[in-house]
Number of protein chains: 2
Amino acid sequence: MNLINSCSGYKSANLLGTKSNEGIENVAVFSSVTHIGSNPPMLGFFCRPTTVTRHTYDNIKNTGFYTINHIHDAILEDAHHTSAKYDSDISEFDKTQLSSEYKQEFHAPFVKSAPIQLAMEFVEEYHIKANGTLLVIGKIVGLHINDELLEADGFINLSKGKVAAINGLDGYAISPSTTRFKYQRPK
Amino acid sequence: MNLINSCSGYKSANLLGTKSNEGIENVAVFSSVTHIGSNPPMLGFFCRPTTVTRHTYDNIKNTGFYTINHIHDAILEDAHHTSAKYDSDISEFDKTQLSSEYKQEFHAPFVKSAPIQLAMEFVEEYHIKANGTLLVIGKIVGLHINDELLEADGFINLSKGKVAAINGLDGYAISPSTTRFKYQRPK
């Protein structure tokens, strides 16, 4: 498990926030959020509906909305704790120091203090035949970024927000800086 | 483009190596390789067959095989240069200091000196209706890891290999260390 989960390289470190139709909030760590396209702006993530990620998936399917919040230096331990298997009537916000916040009447809760917060709307899903996982695709409908991270050309400097990357199932890495290169043309 | 490409968090930094049936090698940078499942061990990546990634995709479909190699400190600039649009009869190995190497008669070339090298076999693909990209899924059939990165429980410590993560389209970040947490149970 450790070997195969860490062999693909660094993974994004995100907390997905959802709220059931009954009003119960849920927040869970995901490491599979992936850029799918810029126009329209879309992201995907993989989940296995038989595991702890089931509550997140159910809430997304039932309400159509979720948030993606970046895990950073100050919340590593609480973020990782959301991987524990709580019942669906318990909110991980109540079991950690993580706080929810709401913006512009968006249905799903954001994670307060996250340097980047995305409001997402469900678009479509694909059943991966090879192993029974699901690819869930959503459209970015809102984007809240800490000003300090944003550079003049639109680049979000993740290192300035002490944003984490995930290594395997339980490793969190934070880079102190980022090296940027120019657009490449053939030599 | 910069904004949407950097808003999802850190991405894996990989070079995909392929070889056409005519024997022309290709190597290209990808930031969308994602863990899909451990048993069987499978990884996916997204590509848009109309861009520079077309040669990689064509070679995978025509031969069934490819390699995934981790981008690290020493090869950042050459790795990024593989994003330039070369014609299909030109190998990026000839235009950079990157060297190919072959192992155990596997069809596709590995990138020499990469601390982690994966031999991959094509499994299936999904056409993403929402924006015309493709999700390509492959099975890990070989795994070559620099001994120094491997910990006793199978965890591959990417920071020990100075493995990079990608931020946006052109940013590369390297973390000096990794913090690991225990398996979490409800409090």
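The values are calculated or read from the model by the stated rules, or taken from the named source; none is laboratory data. Fair warning: this is a prediction, and the values are worked out from it, not measured in the lab. Cβ atoms come from the backbone with ideal geometry, glycine included; neighbour counts cover every protein chain shown. Side chains are part of the model used for accessible areas, which takes the heavy atoms of the whole protein and leaves out ligands, DNA and RNA. Shrake-Rupley method; radii C 1.70, N 1.55, O 1.52, S 1.80 Å.
Tell me, what % of the accessible area of the protein assembly as shown is carbon and sulfur with a 1.4 angstrom probe? It would help to have the intermediate numbers written out before the result.
On the way: 7040 of 15250 Å².
Here carbon and sulfur together make up 46 percent of the probe-accessible area.
Leaving out ligands and nucleic acids, note down the accessible area per residue over chain A with a 1.4 angstrom probe, in whole Å². Let's see the in-between values first.
On the way: 7640 Å² over 187 residues.
Per-residue value: 41 Å².
Suppose every Lys and Arg Cβ carries +1 and every Asp and Glu Cβ carries -1, with no other charges. What dipole size does chain A come out with about its Cα centre, to the nearest 20 debye?
Once rounded to the nearest 20, the dipole reads 920 debye.
In a solvent-free Debye calculation with one equal scatterer on each Cα, what is log10 I(q)/I(0) for the stretch A:95-187 at q = 0.17, 0.21, 0.22, 0.25 Å⁻¹, listed in the order of the q values?
At q = 0.17, 0.21, 0.22, 0.25 Å⁻¹ the computed log10 ratios are -1.11, -1.23, -1.23, -1.24.
Residues of the stretch A:109-140 that become at least 20 Å² less accessible with every protein chain present than in their own chain isolated, using 1.4 Å: which are they?
Listed by number, the residues meeting the 20 Å² cut-off are A:124, A:126, A:128, A:129, A:130, A:131, A:135, A:140.
What does the charge count around residue B:42 come to, taking other residues whose C-beta lies under 13 Å from its C-beta (Lys +1, Arg +1, Asp -1, Glu -1)?
Once all neighbours under 13 Å are counted, the net charge is 0.
Are there any residues in the stretch A:77-92 with a reduction of at least 20 Å² in accessible surface when going from the isolated chain to the assembly of protein chains? Probe 1.4 Å, please list them by number.
A:77, A:80, A:81, A:84, A:85, A:86
Listed here are the pairs A:112/B:182; B:19/B:103; B:61/B:129; A:160/B:11; A:162/B:182; which of them are more than 18 Å apart at the Cα?
Listed pairs above 18 Å: A:112/B:182; B:61/B:129; A:162/B:182.
Please name the residues of the stretch A:17-63 whose accessible area, counted over protein heavy atoms with a 1.4 angstrom probe, falls by no less than 40 Å² between the chain alone and the full protein assembly.
Buried on complex formation: A:34, A:35, A:36, A:38, A:46.
What are the ³J(HN,Hα) couplings of the stretch A:59-73, residue after residue, when phi is run through the Karplus curve with 6.51, -1.76, 1.60 and θ = phi - 60°? Round to Hz, x for glycine and proline.
Karplus-based 3J(HN,Hα) across the stretch A:59-73 equals 5, 5, 5, 7, 10, x, 10, 7, 10, 10, 10, 7, 7, 9, 2 Hz.
Quick one: which residues, 5+ away or cross-chain, put their amide H under 5 Å from the amide H of residue B:108? H built at 1.01 Å from N.
none
Just to be sure I understand the curve: with the Debye formula and one point per C-alpha of chain A, what is log10 I(q)/I(0) at q = 0.19 Å⁻¹?
With no solvent term, the Cα-only Debye profile gives -1.48.
Take every Cα pair under 8 Å in chain A that's 6+ residues apart, average their separations, divide by the length, and report that relative contact order as a whole percent.
25 percent
So what are the ³J(HN,Hα) numbers for the stretch B:90-107, from phi and the Karplus equation (6.51, -1.76, 1.60; θ = phi - 60°), rounded to whole Hz, Gly and Pro as x?
In residue order, the calculated couplings are 10, 8, 5, 5, 7, 9, 9, 7, 5, 10, 8, 9, 10, 9, 6, 6, 5, 4 Hz.
Treating the Cα atoms of the stretch B:71-111 as identical point scatterers in vacuum, please give the log10 of the normalised Debye intensity I(q)/I(0) at q = 0.15, 0.16, 0.20 Å⁻¹, two decimals.
Listed by q, the Debye log ratios stand at -0.41, -0.46, -0.69.
What size of dipole, in debye to the nearest 20, comes out for the stretch B:18-73 about its Cα centre when the only charges are +1 on Lys and Arg C-beta atoms and -1 on Asp and Glu C-beta atoms?
That gives a dipole near 200 debye.
Would you mind calculating the relative contact order of the stretch A:1-53 from Cα pairs under 8 angstrom and at least 6 residues apart, reporting the percent as a whole number?
24 percent
Under the rule a/c < 1.5 gives rounded, and otherwise a/b versus b/c splits prolate from oblate, where does the stretch A:3-107 land using the Cα gyration tensor?
Rounded, because the longest to shortest axis ratio a/c is under 1.5.
Using a ≥ b ≥ c from the Cα gyration tensor of the stretch B:32-91 (square roots of the eigenvalues), is it rounded, prolate or oblate, where a/c under 1.5 gives rounded and otherwise the larger of a/b and b/c decides, a/b for prolate?
Oblate.
Could you tell me the center-to-center distance, by alpha carbons, between the stretch A:18-89 and the stretch B:159-187 in angstrom?
Going from one Cα centre to the other spans 19 Å.
Accessible area lost on pairing B with A, both sides, 1.4 Å probe, Å² to nearest 100?
Accessible area lost upon association: around 6800 Å².
Search the structure for amide H atoms under 5 Å from the amide H of residue B:14, placed 1.01 Å from N in the peptide plane, and list their residues when 5 or more places away or on another chain.
B:30, B:71
Return the Rg/Rh value of the protein assembly as shown, two decimal places, where both radii are evaluated on C-alpha atoms and Rh is the Kirkwood radius.
In the protein assembly as shown, Rg relative to Rh is 0.95.
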